[in-house]
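**Q** Below is the structure I would like to discuss, written out as structure tokens.
Where a number appears in this text, it was derived from the coordinates with a stated rule and is not lab data. Here the structure is a predicted model, which is why all the values come from computation and not from measurement. As a convention, Cβ positions derive from the backbone with ideal geometry for all residues, glycine included, and neighbour counts pool all protein chains shown.
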Amino acid sequence: MLIPGCGAAYEAVAFHEAGYEVIAIDFSPEAVAAAARALGPLQRAVRLGDFFQYDFGTIPFDIIYERAFLCSLPRRLRPAYRTRVSELLRPGGLVLGFFFYDASESGPPFGLGEGELDDLLKGRFVLEAEEKTYSSVPVFAGKERWQIWRRLEI
Ligand SMILES: C[S@@+](CC[C@H](N)C(=O)[O-])C[C@H]1O[C@@H](n2cnc3c(N)ncnc32)[C@H](O)[C@@H]1O
């Protein structure tokens, strides 16, 4: 599984302990250094690079985990996000995590409008599950939704 825009990559430990082979990436040297400090031996999982450009090799991911990455991107990059997650995931693979919904035009974080993610991902992904969340940091409180999107077999 892949954690793009991982920051300090604190979730990598939980996924690793759950049995996943984790790769995490961030283009900020400070974030990667913080992740390396936090992860100990698991720091080998962390890459310094641009999610949109990095060569992850030819084996597609089963899962791409989202938390506060999509909303950190300028809105103009959303089509590129759709293309990139589509090409990095195997057919049937999942984009899952916490998606930030907010009507405000300003950012970052740049929130999703109602139906906007559906419009972005439709034709390539189908929404399989959605839940309210209760563990957000204050800036995201009440505005994050847990969602699971499955890449269609195309
Ligand atoms: C708001 S932070 C979220 C960090 C982490 N996911 C969390 O929940 O704490 C967004 C992160 O995405 C990284 N980022 C933004 N664009 C990126 C890109 N194109 N490639 C890799 N990392 C990127 C930033 O450096 C930043 O660390």
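**Q** Using the Karplus curve 6.51 cos²θ - 1.76 cosθ + 1.60 with θ = phi - 60°, what ³J(HN,Hα) values do you get for each residue of region 100-109, in whole Hz, with x for Gly and Pro?
**A** Working through the residues one at a time gives 8, 10, 7, 7, 4, 6, 7, x, x, x Hz.
**Q** Can you sort 63, 3, 25 so the residue with the fewest Cβ neighbours within 10 Å comes first?
**A** Listed from fewest to most nearby Cβ atoms, that is 63, 25, 3.
**Q** Still on this structure, I have one more. If Rh is defined by the Kirkwood formula over all Cα pairs and Rg also comes from Cα, what ratio Rg/Rh do you get for the chain?
**A** 0.94
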